[in-house]
Amino acid sequence: MQNFQQYIGGAFSNGSAQFPSHDPATGKVWAMMPEARTEDVNAAVNAAHDAFCDPSWATMTASARGKLLYRLADLIAENAPKLAQLETRDTGKIIRETSAQIAYVAEYYRYYAGLADKIEGAHLPIDKPDMEVWLRREPIGVVAAIVPWNSQLFLSAVKIGPALAAGCTVVLKASEDGPAPMLEFARIFDQAGFPPGVLNVITGFGAECGAVLTAHPKVDHVAFTGGPDTARQIVRNSAENLASTSLELGGKSPFIVFEDADIESAVNAQISGIFAATGQSCVAGSRLIISNKIKDAFLARLKEKAEAVVIGAPDDMQTEIGPLCTQGQLTTAVDLVAASKAAGAKVITGGKAIDREGTYFPPTIIDCTDAPDAPCLSAEFFGPVLSVLSFDSEAEALQLANDTAFGLASGVFTKDLTRAHRMIRGIRAGIVWVNTYRAVSPIAPFGGHGLSGHGREGGIQAALDYTKIKAVWLRTSDEPIPDPFVMR
């Protein structure tokens, strides 16, 4: 039994209470986690606020902040194997994915390390000859960063990296489902040499942790990744402190394949887009919108590949799909498939929980051509479930793509360049991948529209979003300011 600790003000502790964490592959308790309650949250926010005001951080040069972030990136790269093992153990995400993803996480910190001393202000050509006016970009303050259990190290990097580059301090709330990798990350961060309190890492539940954190009067910005229901509550909480928010929420992303697409390439991308990470990805290409001219051939090849996916223990390098993270997800998947079948949808493959220890659900494909109201088309499964629709025309494909309250990601597969550009313009989503899917980079912004949230993570804009503008006016005339009450 392992014991993990929270990280507040540069010190580790067990917190006010502890709770068990279950291994998704076995369902058995494998570790105890610190449960942050109100007093712990207050301590973490106060530590971040004190650090923000302390000269050791507040007056540190941007270049020096960048060097600390470079050091952190190196430590993450050195510790990537251990972090990957912990994420796999605590979330069920397969080791081949956690290993590759965490190795790349270091690049996000390197990107923001290099950006730290490039967050610039501006000089204004003001219309008054005796004035110099310029703009300073200053850190927004204390950031509450809240991440879900899936891809925690990546989803925290796109918050912590730009926030620290800008000079903010952070309280990170790891998900209560699988927090082990983030609590271990705190130990790595502690070695990097940042002043105490610059980053604080806690985990806990609803009212006594998340609600207290997002409404705290010393929190200036809330960066959240998760579902729309929780986001609505966060926005309500932020009415207490008037904190700004950035919300990266769910998706029901369209994956559009035209008749001229390379079928094998598109099938492989679709397999990756919906079954990678066991479908537990906000950008999962969960709605296949396929041309009727190639539908049968495409689905036949897709079914063949889906049924060949290796399902197994997440720590086995041969495994391609592991368990779902929680029992609740498994129950949701089972119930949504049943409801979709009742609405007239046809299960092509999968659809039933696997009879084995752990929370396993197989790759599932559901044809909804004759069931446009099937709940699988609108609900985010957060599991390996693909819903299928078909079209006859480009206009119909676009209409189906935009028939969702979400707007995070999308994919278009076609060899027709002009058609691709029309689809790019027409799709309402924050990301459009053309003839590829799930590609990411620290240089490219990431985010959505509608129920997929607002704000962007990644790229230069993310760092700017952790700053506020200060306008500075300097009078250059040596003449006394005239008496405003003397008429001239």
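The values are calculated or read from the model by the stated rules, or taken from the named source; none is laboratory data. None of these values were measured; they are calculated from a predicted model. Because the Cβ atoms are built from the backbone with ideal geometry, glycine has one as well, and the counts that use them run over all protein chains shown. Surface accessibility is based on the protein's heavy atoms, side chains included, excluding ligands, DNA and RNA. Shrake-Rupley method; radii C 1.70, N 1.55, O 1.52, S 1.80 Å.
Overview of values
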item	result
Candidates 227, 197, filtered to the one that is farther than 12 Å from residue 171 by Cβ, open to solvent by less than 50 Å² (accessible area, probe 1.4 Å) and in contact with a Gly (Cβ under 7 Å, 6 or more places away or on another chain)	227
Residue check for residue 282: touching a residue at least 40 places away in the same chain (Cβ under 8 Å) and in contact with a helix residue (DSSP H, G or I) (Cβ under 7 Å, 6 or more places away or on another chain)	no
Condition broken by residue 118, with the remaining ones in (1) farther than 30 Å from residue 276 by Cβ; (2) of a type in the set (Lys, Arg); (3) in contact with a Cys (Cβ under 9 Å, 6 or more places away or on another chain) satisfied	(3)
Residue identified as on the phi < 0 side of the Ramachandran plot, at pLDDT 95 or above and under 25 Å from the mean Cα position of the chain (by Cα) among 404, 418, 414	404
Some residue of segment 395-406 being among the hydroxyl-bearing types (Ser, Thr, Tyr) and under 27 Å from residue 94 (Cβ atoms)	no
Among the candidates 51, 77, residue that is free of Cβ contacts under 8 Å to residues at least 60 places away in the same chain and part of a helix (DSSP H, G or I)	77
Hits in segment 93-141 (condition: of a type outside the set (D, E, K, R), more than 25 Å from residue 444 (Cα to Cα) and not in a loop (DSSP other than H, G, I, E, B))	95, 123, 124, 131, 133, 134, 135
The one condition in (1) among the charged types (D, E, K, R); (2) touching a helix residue (DSSP H, G or I) at 6+ places or on another chain (Cβ under 8 Å); (3) open to solvent by 70 Å² or more (accessible area, probe 1.4 Å) that residue 120 fails to fulfil	(2)
Enumeration of residues in segment 9-28 that are more than 30 Å from residue 361 (Cα to Cα) and either among the aliphatic types (A, V, I, L, M) or assigned to a loop (DSSP other than H, G, I, E, B) (or both)	9, 10, 11, 14, 15, 16, 17
Members of segment 75-112 found to be modelled with pLDDT of 95 or more, among the hydrophobic types (A, V, I, L, M, F, W, C) and under 17 Å from the mean Cα position of the chain (by Cα), listed by number	105, 106
Matching residues in segment 429-454 - criterion: being closer than 17 Å to residue 465 by Cα and open to solvent by less than 20 Å² (accessible area, probe 1.4 Å)	442, 447, 448, 453
In segment 300-325, residue nearest to residue 379 (Cα to Cα) [restricted to those that are open to solvent by 10 Å² or more (accessible area, probe 1.4 Å), touching a strand residue (DSSP E or B) at 6+ places or on another chain (Cβ under 8 Å) and in contact (Cβ under 8 Å) with a residue 12 or more places away in the chain]	303
Tally of residues being small (Gly, Ala, Ser), over 13 Å from residue 92 (Cβ atoms) and touching a Lys or Arg at 6+ places or on another chain (Cβ under 7 Å) across segment 312-371	0
Residue check, residue 115 at pLDDT 95 or above and either within 30 Å of residue 320 (Cβ to Cβ) or crowded, with 24+ Cβ neighbours inside 10 Å (or both)	no
Per-region count, segment 230-251, residues under 19 Å from residue 149 (Cα atoms), open to solvent by less than 30 Å² (accessible area, probe 1.4 Å) and in contact with a strand residue (DSSP E or B) (Cβ under 9 Å, 6 or more places away or on another chain)	7
Filter pass, residue 439 being touching a strand residue (DSSP E or B) at 6+ places or on another chain (Cβ under 8 Å), more than 30 Å from residue 135 (Cα to Cα) and free of Cβ contacts under 8 Å to residues at least 12 places away in the same chain	yes
Any hit, segment 389-399, residues being among the hydroxyl-bearing types (Ser, Thr, Tyr), part of a loop (DSSP other than H, G, I, E, B) and buried (at least 23 other Cβ atoms within 10 Å of the Cβ)	no
